[in-house]
Amino acid sequence: MRSTLIDIAREAGVSAATVDRVLNNRPGVRERTREIVYETARRLGYIAGDRDVSDLGPSETIRLDFVLPEGTNTFIRMLRDQLALQGAARQELDVHISSIEGFNPDTLARTLHDLEGRTRGVGLIALDHPTVREAIRSLSASDVKVVTLATDVLHVPRIAYVGIDNRQAGRLAGYVLGRLLGGSAPRKVAMFAGSLSYRGHQEREMGFRHVLGEEFPNLSIVELREMLDDRERAYVEAAALLDRHDDLAGIYNIGAGNQGVARALRERGLERSVVFLGHELTEGTKRLLLDGTLDAVIDQNPRVEAREALNLLTHAVRGLPYEGHPPRLHLILKENIPEV
């Protein structure tokens with residue numbers, strides 16, 4: 001088995017945090033300690049034996065770029081803030097963040113092409129589209145390291161995907177919705193998505209459908225609407241849905257726009273009778289959980305995703321291995337709301 005940071009820490013007689021600081025070239029570690037950590041990492045095969053410690057010093061500034069969609073999606077805003085905050089705290093990094101039109105693959109592809117020759121690594125929330133896939137391939141061919149965030153793109157040369165298992169998230173949503181509704185009588189449920197051009201939203205939909213088919217055949221999905229992660233559009237679509245189906249029992253919102261859905265439910269006095277599940281714990285969804293409009297939230301931690309993306313790209317640029325710690329799914333109810 002390959003050695004880990006903990007193995008290096010034990011052999012070197014230091015903490016795992018010190019090993020992480022050394023291999024990430026962060027300040028605050030004595031030079032002799034650095035030498036011991038590097039020597040131990042070489043001996044255990046964690047880094048190549050012929051790598052010169054001077055090549056890994058903190059003097060090199062690495063430019064990293066992140067391309068995120070603009071709009072009213074609070075989770076993406078929280079992720080953007082974490083990338084900026086954590087990037088600014090690391091002296092060896094020069095982090096740039098671009099916000100672009102969220103559902104236009106050609107705009108995203110042009111932005112990625114423009115970064116060639118200007119950056120060492122790119123993290124992006126990517127639409128799964130031919131022009132975007134080709135842009136990612138072009139970046140990789142120019143030796144730019146790429147990670148996908150929150151939603152993956154397959155069959156492209158990215159070094160990692162940073163995010164939750166979206167298919168598992170959809171299954172979890174379906175299971176919780178089915179258990180909360182209970183009984184065996186036929187019931188109607190509906191789904192909202194930001195855009196099915198995001199693979200992550202496709203995977204959540206598939207997971208939700210599969211678990212309903214396997215365990216809750218009495219629940220039928222009457223509609224699936226795309227809202228482009230816009231809360232006003234979410235309100236309009238949800239209001240129309242509730243007017244068409246006055247016996248709707250449950251709603252699963254795959255993407256953003258929870259505030260719009262909640263507004264439509266409250267206007268019709270349905271906030272306590274329609275089971276409503278969504279994603280991401282924000283100040284807005286926290287309030288909806290507390291007032292009972294939202295029954296459960298499936299959360300992923302933007303702080304962890306930002307940290308992992310920065311670490312993965314930095315290590316890849318320097319040619320160092322990195323043992324990742326991917327974000328986990330968290331089911332948040334009214335009774336276990338953590339601090340946002």
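The values are calculated or read from the model by the stated rules, or taken from the named source; none is laboratory data. Everything numeric in this text was worked out from a predicted model, so none of it was measured. No Cβ is skipped: glycine too gets one built from the backbone with ideal geometry, and neighbour counts run over all protein chains shown. With ligands, DNA and RNA removed, areas are computed over all heavy atoms of the protein, side chains included. Shrake-Rupley method; radii C 1.70, N 1.55, O 1.52, S 1.80 Å.
Points worth noting:
- Residue 285 meets all of the listed conditions (1) modelled with pLDDT under 95; (2) hydroxyl-bearing (Ser, Thr, Tyr); (3) not assigned by the TED database to the domain that holds residue 82 but one, namely (1).
- Qualifying residue in segment 183-199 (condition: part of a helix (DSSP H, G or I), in the same structural domain as residue 215 (by the TED database) and out of contact with any helix residue (DSSP H, G or I) (no Cβ under 6 Å at 6 or more places or on another chain)): yes
- With a requirement of 3 or more residues that are over 20 Å from the mean Cα position of the chain (by Cα), the strands (runs of 3 or more DSSP E) lying completely within segment 221-325 that satisfy it span 248-253.
- Residue list for segment 70-112, restricted to those being farther than 24 Å from residue 164 by Cβ, open to solvent by 20 Å² or more (accessible area, probe 1.4 Å) and among the acidic types (Asp, Glu): 94, 101, 106
Per-residue answers, yes or no, for (1) touching a residue at least 12 places away in the same chain (Cβ under 8 Å); (2) under 19 Å from residue 282 (Cα atoms):
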{"site": "205", "(1), (2)": "yes, no"}
{"site": "210", "(1), (2)": "yes, no"}
{"site": "217", "(1), (2)": "no, no"}
{"site": "226", "(1), (2)": "yes, no"}
{"site": "233", "(1), (2)": "yes, no"}
{"site": "237", "(1), (2)": "yes, no"}
{"site": "241", "(1), (2)": "yes, no"}
{"site": "250", "(1), (2)": "yes, no"}
{"site": "262", "(1), (2)": "yes, yes"}
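- Checking each residue in segment 28-38 for being open to solvent by 20 Å² or more (accessible area, probe 1.4 Å) and touching a helix residue (DSSP H, G or I) at 6+ places or on another chain (Cβ under 8 Å) picks out 28, 29, 33, 34, 35, 36.
- Count of segment 168-194 residues which are touching a residue at least 40 places away in the same chain (Cβ under 8 Å) and surrounded by fewer than 18 Cβ atoms within 10 Å (Cβ to Cβ): 4
- Residue pairs whose Cβ atoms lie under 7 Å apart, sitting 6 or more positions apart in sequence or on different chains, and linking a residue in segment 36-47 that is touching a residue at least 60 places away in the same chain (Cβ under 8 Å) to a partner that is among the hydrophobic types (A, V, I, L, M, F, W, C), are 46/8; 47/41; 47/320.
- Hits in segment 124-156 (condition: in a strand (DSSP E or B) and open to solvent by 40 Å² or more (accessible area, probe 1.4 Å)): 145
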